[in-house]
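Structure record follows, encoded as C-alpha cells.
The values are calculated or read from the model by the stated rules, or taken from the named source; none is laboratory data. What you see is a predicted model, and the numbers here were worked out from it, not measured in a lab. Heads up, the Cβs are rebuilt from the backbone with ideal geometry, glycines too, and the neighbour counts pull from every protein chain shown.
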Amino acid sequence: MAKALGADARAATVSKVRAWLEEHGIAIAGRFAEWANINSDEALARGMEIGDTLSGRPDTGAIRPS
Ligand SMILES: Cc1cc2nc3c(=O)[nH]c(=O)nc-3n(C[C@H](O)[C@H](O)[C@H](O)COP(=O)(O)OP(=O)(O)OC[C@H]3O[C@@H](n4cnc5c(N)ncnc54)[C@H](O)[C@@H]3O)c2cc1C
C-alpha cells in the first residue's frame, strides 16, 4: 500500500533510498529516478553525465545547459 510522506519525511526517505542505490552500484538519472523536480534540459544533462561516468569518458561540458 502506498503512503503519502510529509515534506520532511520525503527528503529523508529519498536520501536513504539514493544512498542505498549508490551503495549497490545502481546509477540513476532523470526526474523520476532521482525524485527530483527538474526540467527536460537538466534531465538530459544528467543523463549525459551518467553516460560519461559509466563509460569513463571525461566530462567535456559540451552542449550542457547553463
Ligand atoms: C505536466 C508537466 C509539464 C512539464 N513541462 C515541461 C516544460 O515545459 N519544459 C521542460 O523542460 N520540462 C517540462 N517538464 C519536465 C519534463 O517532462 C521532465 O523533466 C523530463 O521529461 C524528465 O525526463 P526523464 O527522462 O527523467 O523522465 P521521463 O521523460 O518521464 O522518462 C522516463 C521514461 O521511463 C519509462 N519508465 C518508467 N518506469 C519504467 C520501467 N520500470 N521500465 C521501463 N521504462 C520505464 C517511462 O514510461 C518514461 O517513458 C514537465 C513535466 C510535467 C509532468
Could you list, in sequence order, the residues of the stretch 8-39 that are closer than 21 Å to Leu54 by Cα, in a helix (DSSP H, G or I) and within 16 Å of the ligand (Cβ to nearest atom)?
Val17, Arg18, Leu21
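Take the conditions at pLDDT below 90 and within 14 Å of the ligand (Cβ to nearest atom) and apply them to Gly56. Does it pass?
Numbers: at pLDDT below 90: yes; within 14 Å of the ligand (Cβ to nearest atom): no.
Taking the combined requirement at face value, the residue does not satisfy it.
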Looking at the stretch 43-53, is at least one residue surrounded by 10 or more Cβ atoms within 10 Å (Cβ to Cβ), in contact (Cβ under 8 Å) with a residue 24 or more places away in the chain and either within 16 Å of the ligand (Cβ to nearest atom) or over 14 Å from the mean Cα position of the chain (by Cα) (or both)?
no
